[in-house]
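Beneath this line is the structure, given in structure tokens, with notes to follow.
The values are calculated or read from the model by the stated rules, or taken from the named source; none is laboratory data. Owing to the predicted nature of the structure, the values given are computational and were not obtained by experimental measurement. Using ideal geometry, Cβ is built from the backbone for each residue, glycine included, and neighbour counts are taken over all protein chains shown.
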Amino acid sequence: MTAWLCTLAIGLSADEPASEFKLSGDCVIRFATVEEGQKVLTGDDAFTRSLSKFDLQSRLKNSGLVTLADWKEFVAEHVKAWEPAEIKTVTASLERLSKPLA
């Protein structure tokens with residue numbers, strides 16, 4: 001099983017408890033808080049290190065001087081909480097996937 005499937009974390013509002021779904025074996029999918037999602041998406045990694053000046057300007061739709069910190073702020077502001085209906089839909093899909101992945 002691929003590692004990314006076992007480490008999926010998706011933002012929930014800070015007021016909601018983290019939800020978990022056991023996919024198979026030791027693999028648990030957890031819906032993270034918005035704050036956790038912001039931390040993951042704005043962390044330094046190979047993707048953020050590869051962003052060029054043009055990448056940042058394009059993503060922020062700004063031809064002026066933009067920094068990686070500007071982009072991270074923009075990304076953090078756009079992390080959204082999952083609606084209960086969305087969690088239900090994703091969980092139903094995971095339930096269907098869990099048997100073939102076992």
Can you tell me which of (1) among the charged types (D, E, K, R); (2) within 19 Å of the chain's Cα centre (by Cα); (3) at pLDDT below 95; (4) surrounded by fewer than 11 Cβ atoms within 10 Å (Cβ to Cβ) is the one ASP26 doesn't meet?
(2)
Please list, ordered by first then second residue, the pairs with beta carbon atoms under 7 Å, 6 or more apart or interchain, first in the range 15-28 and assigned to a loop (DSSP other than H, G, I, E, B), second at pLDDT 80 or above and β-branched (Val, Ile, Thr).
ALA18/THR33
Take the range 42-101 and flag every residue that is in contact (Cβ under 8 Å) with a residue 40 or more places away in the chain and of a type in the set (Lys, Arg).
LYS80
Among residues of the range 54-100 being among the basic types (Lys, Arg) and closer than 20 Å to THR42 by Cβ, the residue farthest from the chain's Cα centre (by Cα) is LYS61
Determine whether VAL90 is out of contact with any helix residue (DSSP H, G or I) (no Cβ under 6 Å at 6 or more places or on another chain), within 30 Å of ALA102 (Cα to Cα) and at pLDDT below 90.
yes
Any residue at all in the range 58-74 that's of a type in the set (Ser, Thr, Tyr), out of contact with any Phe, Trp or Tyr (no Cβ under 7 Å at 6 or more places or on another chain), buried (at least 16 other Cβ atoms within 10 Å of the Cβ) and part of a helix (DSSP H, G or I)?
no
